[in-house]
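Each remark here refers to the structure printed beneath this line.
The values are calculated or read from the model by the stated rules, or taken from the named source; none is laboratory data. For clarity, every value in this text was computed on a predicted model and none was experimentally measured. Virtual Cβ from ideal backbone geometry, glycine too; neighbours counted across all protein chains shown.
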């Protein structure tokens, strides 16, 4: 009985603990707290992108675009429609509205993915992200290039981590089910998957729509946390960061990708401290180290050389260690 | 006609090349038929048309009384035609178990939302899938490797897994594309036993492409010979072996 519901129970636990923490969040160090919130938002983005890039094998570079749609839609909804409905009704409605708008965009991007693969799909999705940014820049009712200001600060620890729990729970469930094995089959061998009766078209669009929906939620959370969004925040560099989280974490491992999202978020902040910590290094070297994207790129290259499958990729050490510790896994499955 | 599969004047042209030229044959519901011919005769093209990978230029393919021309490969699989591939196409990152599991996706009772929540019918359906998968793995003595990566198995085992995966879709017609390719004589012997057993146990019609004459002559009841896309002979193995047109296609014209 307990084993049957432990996952749902974990989700409930995460939600309750988030709620408790959100009640006392004023007493935390605000700088560190901000990093925690960003880490949570990045987990949502990275894990949802993992469904598209990692599990379904469709290389998308458009996640910032989905996030932007979610952010702006949620911000507009809060300003014009649900603003007076309060945090417990209005905010979720705004978030879901943002997610749904992003999901619609997911259909639009998913359709070219039926004809394109690999590099070509990457370019189309990259173009999509840029188009979204340019469109927003030219929409006056959302502030255009000046940005969208004075969004109420509704995002707190509870909303971020309840949705983190939701995305981890639902997407892990998904890829573990027989239904979800279809995504992996599409990635591994599309022709074989199709010949085995899997509607590969539907699977690809489903992956895009689901990934986009959660990216839209993350966008809404982000908008209601920073309270001021501009189109330039959702540039393609942001999409690259999400892809990096997926690659570093290990394509197809949700836990690994979530871990990498936290790691890279924290690392990004730590790198700001590098000049202070490594004061003894020569000035010119510090100048180079200050450039975070440079260090990020080096990190990515090092990981690609040492662990091309990502930290938690194929044959990951955490799972082996866990199996050894609990005695669950292979043997239990084989006799099930 | 009560045949399970009827191919009627099937033609496929790639630009100026006629790969398959007005080919007609049929396979009854309990048939074990062979499709042979020299390299480039158009055998795999015929398979690709039957399974919807290519749309034929002309002609018709009827399965169970209705035409399958114009259907997508996954829809054709759902009408109970399954196939294997000339170059084994197993999913490399999936285990043997998972490779068989994906053949069951089309038979699931539940959809996307149940998959994300594991609620409702989920557990019952998953248990059914697991039971059926283990059952079929047991039949082929593959349970011991159920959790190995499929592409790490020995070559002969990979071929078997691919046949098992095709059977797991519950077909009425099984298309085998060169199942004996790359096998040694012992494995070939085992394969012949396997194919006969599959036909009996699963009650499927089988159409196979094969270059190995021992295998073809040993198990097929009826053979269609293709050369340059056209049917040059058809009949039981003994008649095919003696047919001068077949000998000519394979060995060249006899000089006097």
- Message: Residues that are touching a residue at least 40 places away in the same chain (Cβ under 8 Å), more than 17 Å from residue A:129 (Cα to Cα), buried (at least 20 other Cβ atoms within 10 Å of the Cβ) and within 14 Å of chain B (Cβ to nearest Cβ): does region A:231-245 have at least one?
- Response: no
- Item | Those residues of region B:81-97 which are touching a strand residue (DSSP E or B) at 6+ places or on another chain (Cβ under 7 Å), farther than 23 Å from residue A:253 by Cβ and surrounded by fewer than 23 Cβ atoms within 10 Å (Cβ to Cβ), in sequence order | B:85, B:86
- Among the residues of region B:136-158, is there at least one that is within 14 Å of chain A (Cβ to nearest Cβ), within 16 Å of the chain's Cα centre (by Cα) and modelled with pLDDT of 90 or more? yes
- Unique match (being out of contact with any strand residue (DSSP E or B) (no Cβ under 8 Å at 6 or more places or on another chain), at positive phi, within 11 Å of chain B (Cβ to nearest Cβ) and buried (at least 19 other Cβ atoms within 10 Å of the Cβ)) among A:252, A:180: A:252
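Quick test for you: out of B:45, B:95, pick the one residue that is modelled with pLDDT under 95 and touching a helix residue (DSSP H, G or I) at 6+ places or on another chain (Cβ under 9 Å). Let's see the steps before the verdict.
Numbers: B:45 fails: touching a helix residue (DSSP H, G or I) at 6+ places or on another chain (Cβ under 9 Å).
After applying the criteria, what remains is B:95.
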- Item | Lone unmet requirement of (1) modelled with pLDDT under 95; (2) under 23 Å from residue A:157 (Cα atoms); (3) crowded, with 20+ Cβ neighbours inside 10 Å; (4) within 19 Å of the chain's Cα centre (by Cα) for residue A:34 | (3)
- Task: Take residue B:90 and decide whether it is over 23 Å from residue B:208 (Cα atoms) and at the interface with chain A (Cβ under 10 Å from one of its Cβ atoms).
- Result: no
- Condition test on residue A:131, is it in contact (Cβ under 8 Å) with a residue 60 or more places away in the chain and crowded, with 21+ Cβ neighbours inside 10 Å? no
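When you check residue A:61 against the structure, is it closer than 23 Å to residue A:122 by Cα and buried (at least 23 other Cβ atoms within 10 Å of the Cβ), yes or no?
Details: closer than 23 Å to residue A:122 by Cα: yes; buried (at least 23 other Cβ atoms within 10 Å of the Cβ): yes.
Taking the combined requirement at face value, the residue satisfies it.
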- Item | Single condition residue B:100 does not satisfy, out of (1) surrounded by 17 or more Cβ atoms within 10 Å (Cβ to Cβ); (2) within 16 Å of the chain's Cα centre (by Cα); (3) at the interface with chain A (Cβ under 9 Å from one of its Cβ atoms) | (3)
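Tell me which residues, restricted to region B:41-78, are within 14 Å of chain A (Cβ to nearest Cβ) and part of a strand (DSSP E or B). Steps first, please.
At the first step, the residues of region B:41-78 found to be within 14 Å of chain A (Cβ to nearest Cβ) are B:44, B:47-54, B:68, B:71-78.
Within region B:41-78, no residue meets the criteria.
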- Residues of region B:7-37 being closer than 19 Å to residue B:176 by Cβ and surrounded by fewer than 19 Cβ atoms within 10 Å (Cβ to Cβ), which ones? B:26, B:28, B:29, B:30
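Would you check if residue A:223 is touching a helix residue (DSSP H, G or I) at 6+ places or on another chain (Cβ under 6 Å) and over 26 Å from residue A:139 (Cα atoms)? Spell out how you get there, then give the answer.
Details: touching a helix residue (DSSP H, G or I) at 6+ places or on another chain (Cβ under 6 Å): yes; over 26 Å from residue A:139 (Cα atoms): no.
The answer is no for residue A:223.
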- Item | Test result for residue A:168, within 14 Å of chain B (Cβ to nearest Cβ) and either surrounded by 24 or more Cβ atoms within 10 Å (Cβ to Cβ) or over 18 Å from the mean Cα position of the chain (by Cα) (or both) | no
- Message: For residue B:196, only one of the following conditions fails: (1) touching a strand residue (DSSP E or B) at 6+ places or on another chain (Cβ under 9 Å); (2) more than 10 Å from chain A (Cβ to nearest Cβ); (3) crowded, with 17+ Cβ neighbours inside 10 Å. What is its number?
- Response: (3)
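Taking the conditions exactly as written (under 25 Å from residue B:39 (Cβ atoms) and out of contact with any helix residue (DSSP H, G or I) (no Cβ under 9 Å at 6 or more places or on another chain)), does residue B:211 satisfy them or not?
Working: under 25 Å from residue B:39 (Cβ atoms): yes; out of contact with any helix residue (DSSP H, G or I) (no Cβ under 9 Å at 6 or more places or on another chain): yes.
So residue B:211 fits the description; yes.
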- Which is surrounded by fewer than 21 Cβ atoms within 10 Å (Cβ to Cβ) and either facing chain A (nearest Cβ under 9 Å) or under 22 Å from residue A:198 (Cα atoms) (or both), of B:119, B:168, B:115? B:119
